[in-house]
1. Does a label point 7 Å from the Cα of ASN417, set along Cα-to-beta-carbon, have any residues of the range 103-119 with amide nitrogen under 18 Å, and which are they?
2. Would you tally the net charge around LYS285, using a Cβ to Cβ cut-off of less than 10 Å, leaving LYS285 out, and scoring K and R as +1, D and E as -1?
3. If the chain between GLU439 and GLU43 were fully stretched, how many nm would it gain, using 0.36 nm times the residue separation less the Cα-Cα distance?
4. Can you give the FRET efficiency to the nearest 0.05 for GLU10 and GLU69, using r as the Cβ-Cβ distance and R₀ = 25 Å?
5. Do any of LYS302/LYS433; LYS101/LYS400; LYS398/LYS430; LYS112/LYS443 go past 25 Å between their Cα atoms, and which?
6. How much area per residue is accessible in the chain when the probe is 1.4 Å and only protein heavy atoms are counted (Å²)?
7. In nm, what is the difference between 0.36 nm times the number of residues separating ALA126 and LYS180 and their Cα-Cα distance?
8. Taking R0 as 41 Å, what's the FRET efficiency between GLU401 and ASP449 from their Cβ-Cβ distance, rounded to 0.05?
Amino acid sequence: MKNRKILLSESEIPDKWYNIVADMPNKPLPPLHPVTKEPIGPEALADLFPEELIKQEVTTEKWVDIPDEVRNIYSIWRPTPMYRAYGLEKALDTPAKIYYKYEGVSPSGSHKPNTAVPQAYYNKQAGVKRITTETGAGQWGSALSFACKHFDIDCEVYMVRLSYDHKPYRKVMMNTWGAKVFPSPSEATEVGKKILEKDPNTSGSLGIAISEAIERAVTDPETKYALGSVLNHVKLHQTIIGLEAVKQMEKAGDMPDIVIAPFGGGSNFAGLAFPFLRLNLEEGKNIRCIASEPTSCPKLTKGVFRYDFGDNVGMTPLLPMYTLGHNFVPAPIHAGGLRYHGAGVIVSQLLRDQLIEASAHDNIEVFEAGVTFAQAEGIIPAPEATHGIATAIKEAQKCKEEGVSKTILFNLCGHGNFDMKAYEDYFAGKIVKHELSDEDIQKSLAELDTPLIS
């Protein structure tokens with residue numbers, strides 16, 4: 001019988017997170033004040049985050065200790081399994097060896113609790129009573145609801161209206177863990193009221209939901225804000241995935257030539273790829289790391305590198321990122337949760353330095369990949385995860401065409417058990433192929449008055 005699973009014991013859960021900033025040849029540019037446009041320090045984040053998370057956001061230390069209490073909660077689902085995808089290899093008739101790291105075994109069904117738990121922990125240590133956040137497809141909101149319940153913190157989630165309507169059971173999941181969930185834009189904030197007044201039928205965006213959550217945090221001294229992607233400390237926490245994966249590949253007696261993960265804001269991709277990038281930067285290995293995004297929101301493949309806001313109304317510091325413009329509202333079509341206008345600062349700098357790659361796929365292509373994977377491997381992937389699968393299939397097919405065998409590893413970041421409406425729409429022909437036009441991108445970027453980067 002073939003060995004399909006590569007497993008680690010609970011004692012092998014990493015006790016440190018990896019901070020790639022320590023190894024980057026070009027460090028990220030500093031954030032800027034949203035009004036003065038001057039560089040700012042960590043004190044500017046004090047209204048939003050507890051001190052320990054701010055320290056992690058700006059640290060240049062290579063390794064950051066994982067608290068024992070966090071590791072103890074991690075052990076509910078970690079270490080997560082790695083699989084050799086024999087079924088997918090056979091279905092593709094490829095000489096490539098394909099592996100996937102499966103994060104869908106977490107309580108909320110995705111990789112998101114890897115950062116939700118430490119964020120809730122550090123907020124609890126700081127005496128925070130309530131955390132607000134946004135969520136796109138619902139995976140992050142679910143994860144933070146789960147984590148906040150563990151630490152007896154109130155949780156308030158602003159869920160992009162399109163997903164709120166399409167994914168009612170994600171909302172119920174959050175409610176089950178005690179969270180209050182609002183469709184964004186909502187009547188609960190001044191930001192939401194203004195946007196609804198302007199466009200009552202808006203499908204919402206992650207940028208709008210972020211603005212609402214931030215407004216609630218900065219207007220209540222007992223409330224802080226949590227972000228599920230983009231920021232440095234979020235990507236730091238997610239490296240638990242890749243650190244385990246390196247050990248598992250070594251156990252398998254193999255090492256990937258190509259590492260792939262879906263890309264929305266950066267935590268998914270960073271989580272798997274950064275520990276393998278460390279081997280490139282430290283040991284001179286040549287592992288290709290590819291971020292996979294939707295053509296409906298292609299900031300890495302078609303955006304520009306410049307300073308931009310992380311939210312819709314310009315409440316956040318200006319960050320150096322690949323962006324489609326903070327006013328960008330994705331088309332109301334299904335693109336999983338990968339609908340954020342900008343890319344995280346670290347990932348943006350790595351792409352600018354050509355240390356990583358990016359690939360984009362349309363809606364039809366990713367659902368075809370998801371169905372191919374489900375039929376070959378048995379797990380129905382989350383729509384977000386299908387983007388990474390599409391890139392993996394593309395690379396495996398290239399191996400077949402070239403007659404070479406390469407080892408491919410991708411992050412199966414979550415299951416699709418709460419996303420069956422999207423699959424139903426796909427089978428009914430309601431999912432449309434959508435690629436954001438250059439004209440639409442230029443129109444969005446033309447509205448920016450944020451600083452350029454030479």
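The values are calculated or read from the model by the stated rules, or taken from the named source; none is laboratory data. Values in this document were obtained by computation on a predicted structure and should not be read as measured data. Cβ sites come from the backbone with ideal geometry, for glycine too, and all protein chains shown count toward neighbours. Accessible surface is based on the protein model in full, side chains and every heavy atom, while ligands, DNA and RNA are left aside. Shrake-Rupley method; radii C 1.70, N 1.55, O 1.52, S 1.80 Å.
1. Only 103-114 pass the distance filter.
2. After counting each charged neighbour, the total is -2.
3. Residue separation times 0.36 nm, minus the Cα-Cα distance, leaves 138.7 nm.
4. About 0.95, to the nearest 0.05.
5. Those over the limit are LYS398/LYS430; LYS112/LYS443.
6. The answer is 38 Å² per residue.
7. Details: separation 54, 0.36 × 54 = 19.44 nm, distance 2.19 nm.
Full extension of this stretch gives 17.3 nm more.
8. After rounding to 0.05, the efficiency reads 0.35.
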